Structures are given as C-alpha cells and as structure tokens.
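Okay, so here's the structure we're looking at.
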Amino acid sequence: MLSEFNELQGQLKILCQERLNLLDTIRQLEAANIEPEASAIHDGEYQLTKNGFSSLGRAKYSGWCNDHTCTNCCLRGSNAILSSPNFGKCSTTESSDDIEKQELEEVSDEDEISYYDTREYFTEPGFRCGSIGTLDQVNGSKEANTECIDMENISIEKAINSFRYPHIVRRKKLPDPVEKEKGVSLWSMIKDNVGKDLTRVCLPVYFNEPISSLQKCFEDLEYSYLLDRAYEYGKSGNSLLRALNVAAFAVSGYASSEGRHCKPFNPLLGETYEADFPDKGLRFFSEKVSHHPTVVACHCEGRGWKFWADSNIRSKFWGRSIQLDPVGVLTLQFDDGETFHWSKVTTTIYNLILGKIYCDHHGNMDIRGNRQYSIRLKFKEQTILDRNPHQVNGFVEDLRGKKVATLFGKWDDSMYYVNGDVNVKPKGFNSSDSTLLWKRVMPPTNLTRYNLTSFAITLNELTPGLKEKLPPTDSRLRPDQRHLENGEYEKANMEKQRLEKRQRMSRKIQESGWKPKWFHQEGENGTFRYIGGYWETRAQGKWDGCPDIFGEFNEVTGEPLDAS
C-alpha cells in the first residue's frame, strides 16, 4: 500500500507540474493575443490517463472538476486524497467505481472545494469565445463543442469596431410633468366602442404615449448594429451568419414593446419624421402616405445596407383586449444585392379592465431571402399558465429546404443559435450550448408610466438648432404630442381635439388627388418606395412645398389659414 501510495503521489506531482506549465503557456498566448488553436495544445496533454486515478478525478470531495481545463484542481485533489480518512481503507482489489461510489456517499456539501477555471482567461477581448452545440440526429446524444472564434470572426468584429461613429450626447429622461395627471373612466369608453376599429375611435390623450407612429417605426432600428454585422459577414462570404443576424434584427424590434401599454399618436396625412443618427451610422425618414387605409412608409440607409417598409395596422377593440394585425412588407437590402423580405406578427394587449395589462406577440414570421438562405420563426402565443412566456424559435434553411441552423430565445430578452437541425426545446439549452446573437439593452431606471426605453426617450427630443432645420410636417413640431411630453395634459387634450377635426377631413383631401411628397407607390397595391430628395432639401433649408399641417386651418376648405 505504501509503495502504491508513493507511486500515486509521484504521478500527481508530475500532473500538477504539467498543469502549471499549461497555465503559463496560456498566459503567454493571452499576452501575445494569439488564437489558442495555434499553440498546438491538445486535450490529451492534460487529460488523466486511463488508470487508477481516472475515477479519483471525478470524486466530488477531491476537488477535481469535470472540465479538463481546470488548473488548480489537481493540487487540491491531491491534498484531499492525502487527507481523506478513507484512503487507507480502500483495498487494491476494489474497483474504481466502488471507490467513487463510497467517496460520493461519505462527502457532504460543506466538504465541496471550489476550484479555478482557466476558461475565465478567455473572456479578454483578444479571446472572444463562442460556443456551438450540436445534436447527433442518429442517437439523440448531445455533443458539446466549445471553441474560440476563428480568425474570420475576429476580423469581422475588428471591421465593425474600427468604424468609429461619433459620440452624441442625448437626453436620459423625459421632462418633469407640469401638471398632475388625471385618470379617465375606462368603462364609459369601452361600452360604446366594442368591436370598432381603434384608429377611428376618439380617445383622450391619457391613452397616448408622447411619440407618433412615425417615430415608433424607427424603434425597429434600435439594434441596427446587427445589420452592420450582417453586412460584414456577407462581405466576407459567410452567408449563414448574415442570415442569423438578420433574424435577430427582425426579433429585436419587439423588445421595446415590453411594458408599453399606451398608444402612439396617429399621424396626420403628410406628417413626417426624420432621424439623423451619425452615432449609429444611419439616417431614417418616414411619412404618413395614406389616411384611408392608414399607411406609414419609412426608409433607412445604413453602412452597406438599406431598409424600407410600409405598414398598416388593422386593430380591433374587444373590450378586454386589443388585437393589432400588421399589414405590410419590410425589406432589407445589402449593397451586394442580397435582399430579405418579411412581415410582422400579430400583437395583442390583454387585461384592459381587470388585472395587469400586458402585451404579447404571436404568429409565424417568414424571412425570405433571394439567395442561399431563408429564415422561419414562430412567436409562441402566451397562455394563462405559461411559466416561460415570450418564446421565439425557428431555423435557417437553404435552397433545398435543409435546416442548417436553429434559433431560439425570447423577443424581450435575447436570441441564440446552434448549428444544425436541433429538435430540442429552447429551455434545454444554456450559454455553453449555443451562441448569443442579440441581447436586449435594459430599460432606464427612471421609468414613467409610458415605460419608454432609453432609445425611445431620445426620439422626440428637440436639440438646440434642430427646430429651424425641420420641415413644418415633422412629428416633433406636433403641439398635442409636445404638450403631453411636457406634462401639460389640458393643453394636450385641446390640441388633440383640434387636430382630429383636420384628421377627419384627410379622406376628402386624399380623394381630391393628394399624393405623398417623398414616397411613391409601386403599382396600385404595391409597396411605397422613397423617391429621394428629402435630405437634399433639408440641406438647402427650402420647405416651400411642405404645408403647415399643425397650424390653424379653414374648416370649410381644409386649407391652412394665413398666419397674418
């Protein structure tokens, strides 16, 4: 027994030295910012040999971990073996499984020894790691394959980070309200409007949030960095990662709706909104192009991509809930010609009378690509007893219909992917099984009842000198919306009623031959496309063709009154 013990102790010392050498090598690689694969270090150099200590390496109390990258566990494991009261009781004829079973039965939770994992060294910028998990479709077994991002992915990240956008200081909160807000009687409104189209119901300003539908379209671009990343991946020839990032972008647009129960302002016919965000590398423009049906069109240009859409929402007010069915197509086109089309899913707001109000998005989303890949996503509808709501799952498929990647996550939190067709519920995965595509930015701490995100708070901001550059049709110049943001609720209600009189005449204006100024419809039922000219006109400061839609107007003719 003593000779066996001495031999075992010698083996452990050698193993400890090998681990220390490995740790030194890893530190040198980290300092040199070299990929770990280039060091030609193989798993076999620090795996336990298949002899008597293979079972000891799995012993709970001995300090060994299941991960072969652990560096200090061998030292603690040797100390635990030497100090174990049962070491001398183990017979050389007992199998290693019996020893392991005996050790596991006698150890307590307090005897667990913590260990240090060298994988923490790879969290530095030079060692960005991604985990890709796959499932063997033959036997259903799970194979974890954790590896560091290759040189291509590192070059993509460097290309994105090297393009330095300017830093612009934007506001962090809404202005403090001037007046104390007054509630309204829900039941008095509900009993008269059940089953009606919500866009035709005159609601008090209490039900609005201080942004318009034109500005809310821009909220879909909050995580535009996903499109920058998709552009770089496609440029390097990785079409799969481009498609995956496009899928994450399509889901990310719903994250801002969490906790948002108020209705955006319905724009007037011809109302516009611009967003010049050099800190995000994009310019956005939107216009209300039709009053009946209500259609909002938008166009955005980023670095290497363009995004445009027109949207019409069919809403129904059912007393206890509001159902919003979007109509329209969203289009994303990269400079190399690759294009993706998709439509939004149904949104429902529940518990308007009793209980806690919440919204849910549900339905199928097909993102159709014109090249190698397309994406199919399913937004799971929330049930009353659902403990894991807001789930989104789907897959990327090639031209032959083969599923090459699986997506899963939550529309209000994050999206992940794994390679291959994985037929496992999303909750069966964790961060070590999959790769993160997108993570939601947490909401600000100074929340109001509108629950606007940090990004949405900046959309209606009038920075110094901006008002003089805007056309008279911009949403930021709308008086009822501005009064609501400032907490001047009486003035906001008065202005809203005044502008809704003009809104009711918009159908006559449209039927008399009115056409949008900045968009053109392709065919009778086609998509509205941006015809250009807005930003050039803005640079010149000439808004002669833009009517003062928020000013006083003649109720007979519907024309703006002369300010004189």
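The values are calculated or read from the model by the stated rules, or taken from the named source; none is laboratory data. Everything numeric here is computed off the predicted structure, so don't read it as measured data. With ideal geometry, Cβ positions are generated from the backbone for all residues, glycine too; neighbour counts draw on all protein chains shown. Note: accessible area is taken over every heavy atom of the protein model, side chains too, but ligands, DNA and RNA are not part of it. Shrake-Rupley method; radii C 1.70, N 1.55, O 1.52, S 1.80 Å.
Assorted remarks:
- Residue check for Val329: open to solvent by less than 30 Å² (accessible area, probe 1.4 Å) and under 21 Å from the mean Cα position of the chain (by Cα): no
- Residue within the stretch 411-432 that is under 24 Å from Thr339 (Cβ atoms) and not hydrophobic (A, V, I, L, M, F, W, C) present: yes
- All told, Asp421 falls short of being open to solvent by less than 20 Å² (accessible area, probe 1.4 Å) and not aromatic (Phe, Trp, Tyr).
- Subset of the stretch 449-481 (residues that are touching a Leu at 6+ places or on another chain (Cβ under 8 Å), touching a residue at least 12 places away in the same chain (Cβ under 8 Å) and among the charged types (D, E, K, R)): Arg476, Arg478, Asp480
- Which listed residue, of Leu447, Leu437, is modelled with pLDDT of 95 or more and outside any helix (DSSP H, G or I): Leu437
- Residues (more than 26 Å from Asp335 (Cα to Cα) and either within 16 Å of the chain's Cα centre (by Cα) or crowded, with 18+ Cβ neighbours inside 10 Å (or both)) located in the stretch 363-388: Lys378, Phe379, Lys380, Gln382
- Within the stretch 525-545, considering residues that are surrounded by 16 or more Cβ atoms within 10 Å (Cβ to Cβ) and assigned to a helix (DSSP H, G or I), the one nearest to the chain's Cα centre (by Cα): Tyr534
- None of Leu407, Leu385 is aliphatic (A, V, I, L, M) and touching a helix residue (DSSP H, G or I) at 6+ places or on another chain (Cβ under 8 Å) except Leu407.
- Restricting the first member to the stretch 196-213 and to residues that are farther than 21 Å from Pro293 by Cβ and modelled with pLDDT under 85, and the second to residues that are open to solvent by 20 Å² or more (accessible area, probe 1.4 Å) and assigned to a helix (DSSP H, G or I), the beta-carbon pairs closer than 7 Å and six or more apart or on different chains are Pro204/Asn493.
- Subset of the stretch 332-345 (residues that are over 18 Å from the mean Cα position of the chain (by Cα) and either at pLDDT below 95 or hydroxyl-bearing (Ser, Thr, Tyr) (or both)): Thr339
- In the stretch 283-311, the residue that is farthest from Leu459 (Cα to Cα) out of those that are of a type in the set (Gly, Ala, Ser) and in a strand (DSSP E or B) is Ser290.
- Helices (runs of 4 or more DSSP H) contained in the stretch 460-524 and holding at least 1 residues open to solvent by 50 Å² or more (accessible area, probe 1.4 Å) and within 20 Å of Trp543 (Cβ to Cβ): 506-511
So that you can scan it fast, the table gives a plain yes or no per residue for (1) under 20 Å from Phe265 (Cα atoms); (2) surrounded by 19 or more Cβ atoms within 10 Å (Cβ to Cβ); (3) aliphatic (A, V, I, L, M):
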site	(1), (2), (3)
Lys280	no, yes, no
His292	yes, no, no
Cys298	yes, yes, no
Gly302	no, yes, no
Lys306	no, no, no
Asp310	yes, yes, no
Ser321	yes, no, no
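- Condition check for Gly253: small (Gly, Ala, Ser) and on the phi > 0 side of the Ramachandran plot: no
- Residue-level check: of (1) open to solvent by 10 Å² or more (accessible area, probe 1.4 Å); (2) part of a helix (DSSP H, G or I), Gly259 misses just (2).
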